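Peer 1: The structure that follows is given in the form of structure tokens.
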Amino acid sequence: MPSIDECLRTVERGPPAKGLSRAYLKRVVQRAADELRAEITAGRYAFDADRASLAAEVAARAGRAIAADEPVMKPLVNATGVVLHTNLGRAILAEPAIEAVEQAARSAVNLEFDLETGERGDRDSIVESELCALTGAEAATVVNNNAAAVLLVLNTLAMGREVIVSRGELIEIGGSFRIPDVMARSGARLREVGTTNRTHRNDYVNAIGPDTALLMKVHPSNYRIVGFTSEVRLEELAAIGRDRGIDVVEDLGAGALIDLARFGLPREPLVADSIAAGAALVTFSGDKLLGGPQAGLIAGRRSLMAKLKANPLKRALRCDKLTLAALEATLRIYLRSGDVVDEVPTLRLMRRTPGELRPIAERARQIIAERLAGEFKLEVTETVSEIGSGSLPAEGLPSVAVTITHPAISPNEIAAMFRRARIIGRVSGDAFHLDMRTIEDPAAFAVNFKSQ
Ligand SMILES: *Cc1c(COP(=O)(O)O)cnc(C)c1O
């Protein structure tokens, strides 16, 4: 084999090396040489070649590797129908939020700088007044995600003390967020009360003692308890707490800012309702129903917010300027737009009806059929899509899909084929489905097939 340096010199003479660092080229050449050596050892390469042609072969492979090298994170076509797909990055940002991120990325900003006094400012003040206006809360703050918001609230207000939670609300959201585990990490002690299906007023009352720091309610986002059930409503819990001087906090999860029922969608709890019902603090996600960037929002009483801000954990969990830029722009849509549902993509996608989706499915079917050779069978069918991320779990939304089958290729193999074209659908029954709820422009299918 020629030496790495020899191969490197061959690569450096060629056009693929232009503008690339020596360290990077060396790594690529090393990998190409290792690969070739392994092939020669395995007898899969005619090794009577001379050193110069082996060096040329390594250089050619390195050139191909450079051409194929791209970032790990790439844009995908989400044809799962799941509007808030955690594995695919949840909410798509609204256009003004995208512009705000770009601007903040390009420039210095008044992240923690008071333009009037020239003194140090508070990054929370960027979105605090908007959050207060939208929720009716006295004060608000923002951290990295809702899990962080719950952790910060419990650690600040209940470390070393008890937090009373109904057994029906000890949920796991998936991706390792479990209320008992977050509680343990926060340093608070979980005091479970009631049963899985029924928890009563007296269960809370009897559990309250000198060590009780908080009463907590958790929205069971991704499942429902139905049948013989009973829970203590937030208003009632707040009244119990008020009598005994104990605060009630609520983890809402998705937390809607506007009433979705107004748009024909299933109702999700409103943050404003929880504040009005007496929650001292409410935590919710920025990238679920709100449709903004990943963030954990905390709204509630000013005196408690001051304690959260004084906790060193707050510094560790804070958001950067890009997140705050996107969040502010998204909240401004809620405050100012005449048609929030149309401007926030998450809400826009949720509201689409099968009637609107059908022509998109027809067009998508056409585009894909033109690009699939062989005996693929494509049909436009009715389906049901999920919102995802524990929002509106029980209620699927009626949708329309392009369903693809093949007599000799399994649905899983078809799914893999589409994944290579960066189109993510879902396998259901004996077919591969492309759900149009999350597709606004069917031309996306054309672009991706070309790059296959
Ligand atoms: C989604 C959810 C969380 C976690 O929120 P992230 O923003 O994903 O960290 C916590 N609690 C509830 C009730 C949720 O639905």
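Computed from the coordinates by the stated procedures, all read-outs in this text should not be read as laboratory data. Quantities reported herein were computed from a predicted structural model and do not represent experimental measurements. Here Cβ is always computed from backbone atoms with ideal geometry, including for glycine, and neighbour counts include all displayed protein chains.
Peer 1: Averaging over every viewing direction, what projected area does the convex hull of the Cα atoms of region 50-96 cover, in nm²? Don't skip to the end; give the middle numbers.
Peer 2: Working: hull surface 22.2 nm².
The directionally averaged projection comes out at 5.6 nm².
Peer 1: Listing V82, V271 from the residue with the fewest other Cβ atoms within 10 Å to the one with the most, what is the order?
Peer 2: In increasing order of surrounding Cβ atoms, one gets V82, V271.
Peer 1: Now for a separate question. Quick one: compute the contact order of region 1-59, relative version, from alpha carbon pairs under 8 angstrom and 6+ residues apart, as a percent.
Peer 2: On the way: 40 pairs, mean separation 32.4, N = 59.
It comes to 55 percent, rounded to a whole number.
Peer 1: I've got another one for you. Could you tell me the center-to-center distance, by alpha carbons, between region 308-362 and region 255-292 in angstrom?
Peer 2: Going from one Cα centre to the other spans 13 Å.
Peer 1: Sort C132, C7 by Cβ crowding within 10 Å, fewest neighbours at the top. Can you show the working numbers first?
Peer 2: Numbers: C132 17, C7 28.
Ranked by crowding around the Cβ, least crowded first: C132, C7.
Peer 1: May I pose another question? So for each of 425-437, 134-146 I average, over its residues, the number of other beta carbons within 10 Å; can you give me the resulting order with the highest mean first? Can you show the working numbers first?
Peer 2: Values: 425-437: 20.8, 134-146: 22.5.
Final packing ranking: 134-146, 425-437.
Peer 1: Treating the beta-carbon of each Lys and Arg as +1 and of each Asp and Glu as -1, no other charges, what is the dipole magnitude of region 4-68 about its Cα centre, to the nearest 20 debye?
Peer 2: 340
Peer 1: Using every Cα-Cα pair within region 100-241, state what percent have a distance larger than 27 Å. Show your work: numbers first, answer last.
Peer 2: Numbers: 3729 of 10011 pairs.
Tail fraction, whole percent: 37.
Peer 1: Ranked highest first by average number of other Cβ atoms within 10 Å, how do 187-193, 56-62, 400-406 line up?
Peer 2: Numbers: 187-193: 19.1, 56-62: 21.6, 400-406: 24.3.
The peptides rank, most packed first, as 400-406, 56-62, 187-193.
Peer 1: Over the chain, what is the percentage of antiparallel beta bridges among all DSSP beta bridges, to the nearest 5?
Peer 2: Antiparallel bridges: around 60 percent, rounded to the nearest 5.
Peer 1: Same structure, new question: Using the alpha-carbon atoms, what tilt in degrees (0 to 90, nearest 10) does helix 22-41 show relative to the longest principal axis of the chain?
Peer 2: That helix lies at roughly 60 degrees to the long axis.
Peer 1: Next question, about the same structure. Please give the contour-minus-distance gain from R233 to L111: 0.36 nm per residue of separation, less the Cα-Cα distance, rounded to one decimal in nm. Each step should come with its number before you reach the end.
Peer 2: Numbers: separation 122, 0.36 × 122 = 43.92 nm, distance 3.89 nm.
Difference between extended and current length: 40.0 nm.
Peer 1: Could I ask something else about it? Based only on other Cβ atoms within 10 Å, what is the fewest-to-most ordering of K74, K26? Write down the numbers at each step before the final one.
Peer 2: On the way: K74 7, K26 17.
Lowest count first: K74, K26.
Peer 1: In addition: Given contacts defined as C-alpha pairs under 8 Å and at least six residues apart, what's the relative contact order of region 47-151, whole-number percent?
Peer 2: On the way: 37 pairs, mean separation 9.5, N = 105.
Relative contact order comes out at 9 percent.
Peer 1: For E70, what is the net charge nearby, where nearby means another residue's Cβ is under 15 Å from its Cβ and Lys, Arg count +1, Asp, Glu -1?
Peer 2: Values: positive: R64, K74, R420, R422; negative: D69.
Cβ neighbours under 15 Å give a net charge of +3.
Peer 1: Further, regarding this structure: Report, in whole Å, the centroid distance computed from the Cα atoms of region 55-100 and region 155-193.
Peer 2: Going from one Cα centre to the other spans 36 Å.
Peer 1: So what is the relative contact order of the chain, in percent, for Cα pairs below 8 Å that sit 6 or more residues apart? Write out the running numbers ahead of the final one.
Peer 2: On the way: 820 pairs, mean separation 87.0, N = 452.
Result for the chain is 19 percent.
Peer 1: Against the longest alpha carbon principal axis of the chain, how many degrees, from 0 to 90 and to the nearest 10, is the axis of helix 354-371 turned?
Peer 2: Compared with the principal axis, the helix lies near 20 degrees.
Peer 1: Of the DSSP beta bridges with both residues in region 95-343, give the percent that are antiparallel, rounding to the nearest 5.
Peer 2: Numbers: 13 of 32 bridges.
Taking every DSSP beta bridge within region 95-343, about 40 percent pair in antiparallel fashion.
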